[in-house]
Amino acid sequence: MTVNEIRKKYLDFFKNKNHAILPSASLVPENDPTTLFTGSGMQPLLPYFLGEPHPAGKRVVNSQKSFRAQDIEEVGDNRHTTFFEMLGNWSFGDYFKKEQITWIFEFLTKELDLDAKRLYFTCYAGNEVLGIPRDTEAAELWQKELSNLGIDAEIAEGAEEKGMQGARIFYYGDKKNWWSRVGAPENMPEGEPGGPDTEMFWDFGAEQKLHETSAWRDKPCHPNCDCGRFMEVGNNVFMEYVKRGEKFQKLPAPNVDFGAGLERLAAAVKNNPDMFQIDAIFGLIGDLEELSGKNYDSDKVAFRVIADHMRAAIFLMADGVMPGNADQSYFVRRLIRRSVRFANKINLPPMFLSKLVERMLEQYGDVYPEIENNFKLIEKAIDDEESRFRSTLERGMKIFEKNNRGGEISGEDAFILFTTHGFPIELTEEIAKDKGIRVSRQSFDEAMKKHRDTSRAGSEKKFKGGLAGEGEMEIKYHTATHLLHRALREILGEHVYQRGSNITPERLRFDFTHPIKMSPEEIRRTEDWVNDKIKADYPVKKEEVKLAEARVRGAIGLFGEKYGDIVSIYHIGDNKETASLEFCGGPHVERTGILGHFHIIKEEAVASGVRRIKAVLK
């Protein structure tokens, strides 16, 4: 069964349970300046867990593209990836535990034909101090489903020390089977929702102890050990509590948040613990074998890193994130450059990484048309980045060798490698580790802190809209940048985000994410959009609201900025239309009608994936 078939079966199954199918959101999260990437299926739906009604109804389902940058250095074993698809179904105050557990068990055992004898489950053990009871309901529901198939399903305490001893359902505490955005229940702030979760594990068999360094290798197995025998394939979160003071109360309308890694389900269906051998990834590995003349078994780590990193980079670029030095762009650059390094290990010929885009289009083109829509741009961006890195790699390595003093690279030298030659500190550390050399990370961090302190004034200026002063024309231009930002997102797409601005009494300059030159028609439409809002003479109002409320309302913020619990947002519009809603700390005009006529005088590139507009008000 292929990945595409599993995805379709899942969406069709829940469509038949009256769920609306949602498209995947972008890997660049909307209206959430606190995180760079969409890392789970529920992340784009957070406003609806906080009470906002979803336009599609109370039951929704989708397959969400997800990227987790924190897993980059974990890639190389048989199950870690940075990019994955998260199958998810949600109930916003509709069905709850009985329906969810019954349905997902049916999907696993009937639709995917997984052997129920190889499924194990964990449930929440409760927290007596906080007054949160043990989730016996979930445990008994799993037990009933297994018993219906004639499987003896004993319920036991967590099995960390004694092993499973014949049990199939286990209770674990706050660290394993409780979900909230901030972890354990005692850490949750007032008004934060959370709840117990129940997880599902696939048993690959006692012989599959693949992780030689696992602390559990010589201890009794259990579903939450990491020896390689078990793989978590799904997680049902039952969001039914809210924190009030030091106690927890039941939500008036509890929610269901289910998530399952599509690739992990495919590995379970294939009954192969090596997730890289599922069809969606192994096709890329086959191309790498052909291009390099080596086979997968010769260096699994290198093949896995390249396949994962290029798959992730291609999806990120399809969503408008091009390689660069800041924010999301930094991670795309790091993925490609790390791929180049591992490509050298398997003797992959230079300038062949871009050939993988065609395989990705073949695998995902019918589901994610953004790959085909940006096919040539992605190929060119990969070639440009690989060429740029290969041209500096040799110089950087010479500096690396030259500055190796007593088996250590100083933090200052590592900083120069980063700022001058584009070596991310993580890459420097990896190369050093291969050569048995240390890197002084502490002094590197000190050099970075000094660099950031020097540019902090510029960062604060960016947050205030790039204002050089607060004269009448500068305030007008600053307000106009809000309208321009929204116009670009309307005309070019929601991958557009501000990357900086500079304002003088004579003009505005606005930097934004976009991979290609704007056409004359796009420039004209942008001007017309802004001028329409100016002619509407909309009021411009400042509001101070809680950060969570600003997110729910869709306010746009700057990535990388830190916000407090109370934030300032500016609303441009009336009761019928919102022309702009942004986090901002700078001054604005009271109404758009006084701005005058908006005219773009220049549009140009300033960096890979970043464009610049210069405009005037007449």
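Every number here is computed from the coordinates shown, using simple stated rules; none is lab data. Note that the structure is predicted; figures quoted are calculated from it, not measured. Cβ atoms come from the backbone with ideal geometry, glycine included; neighbour counts cover every protein chain shown.
When the pairs 376/402; 398/449; 144/250 are compared against a 28 Å limit on Cα-Cα distance, 376/402 fall above it. For segment 564-599, backbone nitrogen atoms closer than 17 Å to the point 7 Å from residue 541 Cα along Cα-to-C-beta are found at 567-584, 588-593. Give the residue from 425, 400, 255 lying farthest towards the positive end of the charge dipole for the chain; charges sit on Cβ (+1 for Lys and Arg, -1 for Asp and Glu) and the dipole is referred to the Cα centre. It is 400. Length available on full extension from residue 130 to residue 115: 0.36 nm per residue minus the Cα-Cα distance, which gives 1.6 nm. A straight Cα-to-Cα reach below 20 Å connects residue 294 with the aspartates and glutamates 77, 274, 279, 308, residues fewer than 8 places away in its own chain not being considered. Could you list the residues of segment 304-322 with an amide nitrogen less than 20 Å from a label point located 7 Å from the Cα of residue 383 in the Cα-to-C-beta direction? Under 20 Å, as judged by backbone N against the label point of residue 383, lie 310-311, 313-322 of segment 304-322. For residue 449 and residue 395, the FRET efficiency from 1/(1 + (r/R0)^6), where r spans their Cβ atoms and R0 equals 22 Å, is about 0.25. When the charge dipole of the chain is built from unit charges on Cβ atoms (+1 for Lys and Arg, -1 for Asp and Glu) and taken about the Cα centre, the candidate among 112, 613, 16 whose Cα reaches farthest toward its positive end is 613. For segment 57-136, the set of GluC sites (Glu not before Pro) satisfying both a DSSP loop assignment and a count of at most 16 other C-beta atoms within 10 Å is given as 128. The charge dipole of segment 278-379, taken about the Cα centre with unit charges on the Cβ atoms of Lys, Arg (+1) and Asp, Glu (-1), comes to about 640 debye, rounded to the nearest 20.
In the structure shown, the pairs 98/546; 450/614; 65/355; 58/98; 58/117; 517/576 are assessed against 27 Å; a Cα-Cα span above that value is assigned to 98/546; 450/614; 58/117; 517/576.
One decimal place: the segment residue 35-residue 152 gains 37.7 nm when fully extended, by the rule 0.36 nm per residue minus the C-alpha distance. With bins 10 Å wide beginning at 0, the percent of Cα pairs of the chain falling in each bin runs 3, 14, 23, 25, 21, 11, 3, 0.
Can you work out the FRET efficiency for the pair residue 94 and residue 405, with r the C-beta to C-beta distance and R0 = 45 Å, to the nearest 0.05? Here the calculated transfer efficiency is 0.10. Among 234-241, 382-389, sorting by the average number of other beta carbon atoms lying within 10 angstrom of each residue, highest first, gives 234-241, 382-389.
Treating only the Cβ of Lys, Arg, Asp and Glu as charged (+1, +1, -1, -1), what charge dipole size does the chain show about its Cα centre? Round to the nearest 20 debye. Using Cβ point charges on Lys, Arg, Asp and Glu, the chain gives about 1380 debye. Comparing 242, 47, 347 along the charge dipole axis of the chain, the residue lying farthest to the positive side is 347, per the Cβ-charge model.
In this rough spin-label picture, where each label sits 7 Å from Cα along the Cβ direction, the residue 300-residue 184 distance is 3.5 nm. Residue-wise HN-Hα couplings along segment 187-199, as the Karplus relation 6.51 cos²θ - 1.76 cosθ + 1.60 with θ = phi - 60° gives them from phi, are 8, 6, x, 4, x, 7, x, x, x, x, 10, 10, 10 Hz; Gly and Pro carry x. Once both labels are positioned 7 Å from their Cα atoms along Cα-to-Cβ, the gap between residue 494 and residue 106 label points is 3.2 nm.
Divide by every residue of the chain the summed helix terms, -39500 (n - 2.57) for each DSSP H run of at least 4, and state the resulting mean residue ellipticity at 222 nm, rounded to the nearest 500 deg cm²/dmol.
Computed ellipticity for the chain at 222 nm equals -12000 deg cm²/dmol.
Local charge for residue 85 was computed over the other residues whose Cβ lies under 9 Å away, with Lys and Arg +1 and Asp and Glu -1, and equals +1. Between residue 362 and residue 597, the simple spin-label model (points 7 angstrom out along Cα→Cβ) gives 5.5 nm.
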